[in-house]
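*Asks:* Starting off with a structure, shown below.
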Protein chains: 4
Amino acid sequence: MSTQYPNWHWIFEWSTSGTIHAHAVKSVYVAGRTKYQSYLIAEFEDLGKALVIDGKMQSSLSDEYVYHESLVQPPLLAHGSPRTVLILGGGEGATAREALKFRTVEKVVMVDIDGEIVEACKKYLPEWHKGAFNNPKLKVVIDDAEKYIRETNERFDVIIADLVDPQEGGPAWRLYTKEFYELVKSRLAEGGVFVTQATSPTLTPKVFATIYSTLKATFRHVLPYTAYVRSFEGVWSFIMASDARDLQAFKELSDVDSRLQALGVADNRFYDSETHRSMFSLPKPIRNLLASAREISTLSNPVYIPA
Amino acid sequence: MSTQYPNWHWIFEWSTSGTIHAHAVKSVYVAGRTKYQSYLIAEFEDLGKALVIDGKMQSSLSDEYVYHESLVQPPLLAHGSPRTVLILGGGEGATAREALKFRTVEKVVMVDIDGEIVEACKKYLPEWHKGAFNNPKLKVVIDDAEKYIRETNERFDVIIADLVDPQEGGPAWRLYTKEFYELVKSRLAEGGVFVTQATSPTLTPKVFATIYSTLKATFRHVLPYTAYVRSFEGVWSFIMASDARDLQAFKELSDVDSRLQALGVADNRFYDSETHRSMFSLPKPIRNLLASAREISTLSNPVYIPA
Amino acid sequence: MSTQYPNWHWIFEWSTSGTIHAHAVKSVYVAGRTKYQSYLIAEFEDLGKALVIDGKMQSSLSDEYVYHESLVQPPLLAHGSPRTVLILGGGEGATAREALKFRTVEKVVMVDIDGEIVEACKKYLPEWHKGAFNNPKLKVVIDDAEKYIRETNERFDVIIADLVDPQEGGPAWRLYTKEFYELVKSRLAEGGVFVTQATSPTLTPKVFATIYSTLKATFRHVLPYTAYVRSFEGVWSFIMASDARDLQAFKELSDVDSRLQALGVADNRFYDSETHRSMFSLPKPIRNLLASAREISTLSNPVYIPA
Amino acid sequence: MSTQYPNWHWIFEWSTSGTIHAHAVKSVYVAGRTKYQSYLIAEFEDLGKALVIDGKMQSSLSDEYVYHESLVQPPLLAHGSPRTVLILGGGEGATAREALKFRTVEKVVMVDIDGEIVEACKKYLPEWHKGAFNNPKLKVVIDDAEKYIRETNERFDVIIADLVDPQEGGPAWRLYTKEFYELVKSRLAEGGVFVTQATSPTLTPKVFATIYSTLKATFRHVLPYTAYVRSFEGVWSFIMASDARDLQAFKELSDVDSRLQALGVADNRFYDSETHRSMFSLPKPIRNLLASAREISTLSNPVYIPA
C-alpha cells in the first residue's frame, strides 16, 4: 500500500457551521445506527481508537483519561467520602472506572439509554472500561436517565452527567434544563455533589454559559472548570454544583495529590495538584463570559448546540 | 435524529491533489484491510450501496450497470460470438454477470488477486453479482492476473481488464504496461478482442492517453469509448483492442439493439443503439488528446495515476 | 516554499448535501459580495482561472469553451440565419463572444442583473470575452432579465438563458418557470429558437427533468442535449425549444462542420460534427428520465436546486 | 441570498496529515503570494478577520489578544523594567503593540523578512497594530532575522520570536535551532529575557518538546507556558529563557495585576493574575512530555512541523 496519497476516510466534526474538525479514519471496528443515535468505533490516524456518536467525538484512546479523570475525580474529591455514585450516560464505562477507583465507593449505578452502544463499548473499548462492567459494585441500567431519576427512591452522594451534547432532536437536551437539575438536586444525598460535562467554553460559549447559569439558579454553590481535550479539538468544561459543599474552598485546594492518595486513587495520568490548579484557574475571557451569563435553559426554552 | 446537521462521515476521492470528490456515508456494511488493499462497503447518501478500494469508488448501486454494461457488452458484441471470456479483476461479480448474459458464452474465468474482497462482494453485493458466483459457467481463481495469464495454456475470445487504477505501489500498475498487453494478446483466441477500463479522459487525461498509445503500439485495431459514471464524478473510458476485428466498423454500428437481442442480451439499463452512438462519438478535445498521445507505459517506465 | 503539504485553500461545490466537489485555489484575483450574489475569481490548481458565484463554479479557463460553444452554437445553427440574439445573464461575456462568431448576427443584447460581476468579468476574464464587450454589435443592459423581457418591444431570432441555477432565494429561480417561458416565447421572432442551460441530468436529475417538461408544456419542439464539463464535475444539459423549427431534424444533422463554416464559425475547440453526435445522443437513463418527466415549474410551485 | 446552504469557501489548516481544522471564509480582503510565503486576509465566519500564511492561521480578531498578550507580557514582566525590545517576525504589528504598552519601553525593533505581508497588515489589520506602526519608539526593519541579529551591535532587554512554525522549506525553521538560540543569547542585554512561540504541545508535541530541550541546552532558566487559542484550535505554547532571571520564581507570582499596573499596562483582555496561574500550571501530560524531552534542533538536524 502506498502511503503518499492524502487520507481518504474522514469524520467531520462540525463545531459550528463555520468550523470543521476533520479526523482521518484508518480502519473501522464497528458502525451502526441504534434507535437513538448513529455511532462509529474506528481507529483514527491521530487519536487512536475512538467512539463517535452522531458525528461528535465522544472519547479517544489518546486522551479519554483527560476527559474521564476531569469529569469524575474533582466531584468525588470535593465530596470527600463518596459511597454511592449515579452516572447518567457514560456508555464507554470509563466514567464508572474512575468512580470505582475511590476506595470509599460502595455502589455505582450507571443509567444509559442506548443499550446497543453500551454493548459495543463493552466489546470494543476494553481499554476504556478496564473490566468495570464486571465489577460487582457497578449496576448498569438501560433506561432513560430522566425517567430513572424521577422514579428512583435512592439518594446518591455524587451524580455525574456524562451525556452527549444538547442537540436539538437528540436524546439528551432535556437533561440540561432547570427542570432536570431540580430533579437531580432532589436525588442527592446530604452533602451531595453534582457534576455535568458542559460543552466547550470556547467553541460553544453560549451553551456553556447557559448550563452555568441554569445550575446557578438551582444550586447554592457552582464551580466550573476546564481541561483541554485534544480529541475534541478544544477546551472542555465541567461544572460542579452542590448545596452543601463549599466549592470555592475546593477550588483553592493545594493538596490534591495527598487527598487522592488517601482515597486510594493511584496511577492518575492527568489529575494531580498542579493539573488541579490549571483546571480551576479560568482565563479572563471565560470568567467574563460567566459573569455575564443570564439565560436559563428550560423545557420550554431549551439551549441547543448550534447546528 | 435531527437531519438539519451537515453530514459528518465522508469519503474523499482525491481525483488529483487539487480536486476532491467527497461522498457522504450513511452507514457502513463492512470495512477492512487485506494483504493488498483497504476497502469499504457502505451506504452513501447519493450513490446507495458502494464499494470503495483504497479511496477510489469502484462502483455503486446507483449506476454500476453503466460501468459494467459499458465495459463488457461492446467487446463481446464486437467479437460477435464469444464463447470464452477471461476477466482480470472484477471482484464485484458484475463483470461476470454481464458476460454471462450472452447466450454464446460457455465459460468465464475470473482472476482476482484479492480473495478477501471477492468474499466481501459475494456477501454484501448480491445486487451486483446477481448469483453469477453460483453460475457453473463461472470459474473464480484467486491469483495474480499477471501470473495467471503467463501460466495458462488457454486462449480466450474476449479478455476484460476490470482493474483498479495504475496506482504507484498498488496491485495493478503492471497490468497497464506494454509487456502485459503483449502477454494478453498472446492469450487471445483467433478473432479475439481485449478491453480495459482506461481511467478518466477528463480527470486523468495523461493516463488515459498513455493506455491508448500503449495499446496502439501492441494491437492493430484500437477503439476508445466513454461513458459518464456519476459514481466516479466523471467521464470514464474504455479501450477495445484487437488484431483481428475491424473495430472502426463496429464503431459505426447502428443495429446494436437487434444484435444484442440475437445474442440473448435483454433488460439492458444502459447500453443500446442510441447509447452506443453516444459512447463511440468522442468530443473533439478527447480526439485531439488521442491524436497527440505518444507515451508508452512499460515496466521500466510505467504510467501512474497522479497522487 | 515546500510543496509537500496538501492544499489548504478550497472551494466546496455542494452538488447535493451528500456530494461535494472540492477544488483547490492557488491564488485569488478578486472576491466580493454584490447586492445579489457572492463571487470569487481565482486561479485553481486543476481548472486554471475560474469564476465562482455563490459557491457554484460558473466557468473555468480549462473548459469554458465546452460550456459556451454548447450553449450558443446549436441554437444559432438550428435557426440557420440568426440576426438578433438576446442573452439573459451571460456575465462572463463568453456567450456573447460565441454569438458574435456567426456572420449573420447583427445585434446581441445581453441583460445581466449584476453589474458588479459584469465589471469584474470585463477586467479579470479577458480570455473569456476576448473583446466582445467592445464589439459595437453588443449592447449590455444591467437589469433584471424578467423585467427587461417583459418591457421590451423587440423580437429576437435566438434567446439564450445563461443563468445561475434555480436556487431558492437566489436571483434566477423565476427564470425557470412556465410563466417566464411564455414570456420568452412571445419575444421570439418568427422562426425563433430558445435555449437554456438546464443543470445536470445526473447530479440534479429532477431539476433537469422539470425544466424539460416545463419547456415541453410551452413549446411545440423541445430538444435536450448534453456535454460533460470538467469544471462542473458532471454532465451538463441544455434544452432548445422552438415552435417553428423542427428540432428533431436538427438532432440528426451530419454536416455540422460545413454549416458552421458557411456561417463563418471557425476555430471551434469543442463543437463539430462528431461532437454534435455525442451531444445529441442521450444515454438510455437520461431518455428514461425525460420520458417520465411530468412536473411543471411555476411561480407558485417552482423547482429549486437541492440545498 | 439564502443562508440554508452549507458554507462553500474553506481554509483547511492541516494540523497533521490526519487532522484538519477547516474554517469557513465569508469574504476576502486580500490574498497574495510573496517571495517567501502565500497569504490571505479574510473574514471568517467564526473567527472574524484573520491572517493566514501558507495555510496556517496566524491570528484572528476574535482572539489575537490571547496570543499576543501571552507572548509579550510575561517576558516583559519577568524582566521587570524592560527598555529595549527586539521582535523577530511579528508582521501584524500586535506584538509591537503589546511591548509598547509597558511604560519603561523606550525602543522596539521589529525585524520581519516579508515586507509585502507587513504592508498588507498595516493596511488591513488596524485592529491589530492599533497605530503601533506610527509610534516613534518602533523601528521596522525588513530583513532576515538571522542576518539582522548576526550583524547588529545592539543588545536588548527582551527578544521575542514571533515566527511562523518551523516548516521544512519555509522561511523560519533555522530560527528554532541551537545555533540561532546561541546568537539570540549573545544579543541579550544583562538581565535579558528571550521568549519564543513554541507551537502546540498537544497537536505537535515533538516539535514543542524539541524547542524546549534546545532552549534548555542554551539557557540557565527555561519556563514553558501555554494558552488555549481558539483560532489555532489548540493549546499554544510559549517558552521563556534567560540566564539571569529566576523564572521559577516568576512562575509562582501572585501579584501579576499590581505589577502590570505599575508598568502601565492597562486594559488587558486576557492576561491577569488568575490567567497567569492557568498559563503557568501545566497539566501532567505536558509536564511528562517535557521531563522526557531530549532532542536538540540544530542546523544539521533541525526539527520540522509534520507535513
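The values are calculated or read from the model by the stated rules, or taken from the named source; none is laboratory data. Everything numeric here is computed off the predicted structure, so don't read it as measured data. All Cβ positions, even for glycine, are placed from backbone atoms using ideal geometry, and neighbour counts span all protein chains on display.
*Asks:* Being part of a loop (DSSP other than H, G, I, E, B), within 11 Å of chain C (Cβ to nearest Cβ) and either surrounded by fewer than 24 Cβ atoms within 10 Å (Cβ to Cβ) or aromatic (Phe, Trp, Tyr) (or both), is that true of even one residue in the stretch B:229-239? Give the steps one after another, and end with the answer.
*Replies:* Residues of the stretch B:229-239 part of a loop (DSSP other than H, G, I, E, B): B:233.
Checking the rest, the ones that are also within 11 Å of chain C (Cβ to nearest Cβ) come to B:233.
This time we only want the ones that are either surrounded by fewer than 24 Cβ atoms within 10 Å (Cβ to Cβ) or aromatic (Phe, Trp, Tyr) (or both), so: none.
For the stretch B:229-239, residues part of a loop (DSSP other than H, G, I, E, B), within 11 Å of chain C (Cβ to nearest Cβ) and either surrounded by fewer than 24 Cβ atoms within 10 Å (Cβ to Cβ) or aromatic (Phe, Trp, Tyr) (or both): absent.
*Asks:* Looking at the stretch A:29-54, which of its residues are aliphatic (A, V, I, L, M) and either surrounded by fewer than 19 Cβ atoms within 10 Å (Cβ to Cβ) or in contact with a helix residue (DSSP H, G or I) (Cβ under 6 Å, 6 or more places away or on another chain) (or both)? Walk me through how you get there before you give the answer.
*Replies:* Taking the stretch A:29-54 and keeping what is aliphatic (A, V, I, L, M), we get A:30-31, A:40-42, A:47, A:50-53.
Of everything in the stretch A:29-54, those that are aliphatic (A, V, I, L, M) and either surrounded by fewer than 19 Cβ atoms within 10 Å (Cβ to Cβ) or in contact with a helix residue (DSSP H, G or I) (Cβ under 6 Å, 6 or more places away or on another chain) (or both) turn out to be A:Val30, A:Ile41, A:Leu47.
*Asks:* Can you tell me which condition A:Val265 does not meet? The list is (1) buried (at least 19 other Cβ atoms within 10 Å of the Cβ); (2) within 12 Å of chain D (Cβ to nearest Cβ), and all the others hold.
*Replies:* (2)
*Asks:* Could you look through the stretch C:269-307, keep only residues that are of a type in the set (Lys, Arg) and surrounded by 17 or more Cβ atoms within 10 Å (Cβ to Cβ), and pick out the one that is farthest from B:Asn268 (Cα to Cα)?
*Replies:* Step one: list which residues in the stretch C:269-307 are of a type in the set (Lys, Arg), which gives C:269, C:277, C:284, C:287, C:294.
Add one more test, that the residue is surrounded by 17 or more Cβ atoms within 10 Å (Cβ to Cβ), and what stays is C:277, C:284.
Details: C:Arg277: 22, C:Lys284: 9 Å.
That would be C:Arg277.
*Asks:* Answer yes if at least one residue in the stretch B:72-88 is more than 30 Å from C:Ser17 (Cβ to Cβ), touching a residue at least 40 places away in the same chain (Cβ under 8 Å) and within 14 Å of chain C (Cβ to nearest Cβ), and no otherwise.
*Replies:* Looking through the stretch B:72-88, at least one residue is more than 30 Å from C:Ser17 (Cβ to Cβ), touching a residue at least 40 places away in the same chain (Cβ under 8 Å) and within 14 Å of chain C (Cβ to nearest Cβ).
*Asks:* Right, here's the next one. Among the residues of the stretch B:37-71, which ones are aliphatic (A, V, I, L, M) and free of Cβ contacts under 8 Å to residues at least 40 places away in the same chain? First the steps, then the outcome.
*Replies:* So in the stretch B:37-71, the residues aliphatic (A, V, I, L, M) come out as B:40-42, B:47, B:50-53, B:57, B:61, B:66, B:71.
Passing the criteria: B:Leu40, B:Ala42.
*Asks:* Got a number for residues in the stretch B:50-94 being under 11 Å from the mean Cα position of the chain (by Cα) and not in a loop (DSSP other than H, G, I, E, B)?
*Replies:* Total satisfying the criteria: 14.
*Asks:* Hey, could you check the stretch C:268-307 for residues that are of a type in the set (S, T, N, Q) and within 12 Å of another protein chain (Cβ to nearest Cβ) and say which is farthest from C:Glu98 (Cα to Cα)? It would help to see each step written out before you state the result.
*Replies:* First, pick out the residues of the stretch C:268-307 that are of a type in the set (S, T, N, Q): C:268, C:273, C:275, C:278, C:281, C:288, C:292, C:297-298, C:300-301.
Cutting the leftovers down to within 12 Å of another protein chain (Cβ to nearest Cβ) gives us C:268, C:273, C:275, C:278, C:281, C:288.
Values: C:Asn268: 10, C:Ser273: 17, C:Thr275: 17, C:Ser278: 20, C:Ser281: 23, C:Asn288: 32 Å.
Residue satisfying both the conditions and the ranking: C:Asn288.
*Asks:* Further, regarding this structure: Tell me which residues, restricted to the stretch A:246-262, are over 28 Å from A:Leu61 (Cα atoms), touching a Leu at 6+ places or on another chain (Cβ under 9 Å) and either more than 14 Å from every other protein chain (Cβ to nearest Cβ) or assigned to a helix (DSSP H, G or I) (or both).
*Replies:* A:Leu247, A:Gln248, A:Phe250, A:Lys251
*Asks:* Might you let me know whether the stretch D:32-44 holds any residue that is of a type in the set (Asp, Glu), part of a loop (DSSP other than H, G, I, E, B) and outside the structural domain of D:Leu260 (by TED's automatic domain parsing)? Can you show your working first?
*Replies:* Applying the first criterion (of a type in the set (Asp, Glu)) to the stretch D:32-44 yields D:43.
Within this subset, residues satisfying the condition of being part of a loop (DSSP other than H, G, I, E, B) are none.
No, that holds for no residue.
*Asks:* Turning to a different aspect of this structure: Is there a residue being without any contact (Cβ under 8 Å) to a residue 24 or more places away in the chain, assigned to a helix (DSSP H, G or I) and not β-branched (Val, Ile, Thr) anywhere in the stretch A:126-140?
*Replies:* Checked against the condition, which is being without any contact (Cβ under 8 Å) to a residue 24 or more places away in the chain, assigned to a helix (DSSP H, G or I) and not β-branched (Val, Ile, Thr), the stretch A:126-140 yields at least one hit.
*Asks:* Checking the conditions here, which among C:Val141, C:Val72, C:Val111 is closer than 25 Å to C:Ala31 by Cβ and aliphatic (A, V, I, L, M)? Give the derivation first.
*Replies:* Values: C:Val141 fails: closer than 25 Å to C:Ala31 by Cβ; C:Val72 fails: closer than 25 Å to C:Ala31 by Cβ.
Exactly one residue qualifies, and that residue is C:Val111.
*Asks:* Let me ask you something else. Say whether the condition of being out of contact with any helix residue (DSSP H, G or I) (no Cβ under 9 Å at 6 or more places or on another chain), more than 7 Å from every other protein chain (Cβ to nearest Cβ), surrounded by fewer than 23 Cβ atoms within 10 Å (Cβ to Cβ) and charged (D, E, K, R) is met by at least one residue in the stretch B:16-26.
*Replies:* yes
*Asks:* Across the stretch D:37-69, what is the number of residues that are under 16 Å from D:Val229 (Cα atoms), touching a Gly at 6+ places or on another chain (Cβ under 7 Å), more than 7 Å from every other protein chain (Cβ to nearest Cβ) and not hydrophobic (A, V, I, L, M, F, W, C)?
*Replies:* Number of matching residues: 2.
*Asks:* Just to be sure before I move on: is A:Thr34 in contact (Cβ under 8 Å) with a residue 24 or more places away in the chain, within 14 Å of chain D (Cβ to nearest Cβ) and over 30 Å from B:Gly169 (Cα atoms) in the structure I sent?
*Replies:* Judged against the criteria, A:Thr34 is not a match.
*Asks:* If you go through the stretch D:154-177, how many residues are more than 21 Å from D:Ala96 (Cα to Cα) and more than 18 Å from the chain's Cα centre (by Cα)?
*Replies:* Residues in the stretch D:154-177 being more than 21 Å from D:Ala96 (Cα to Cα) and more than 18 Å from the chain's Cα centre (by Cα): 2 in total.
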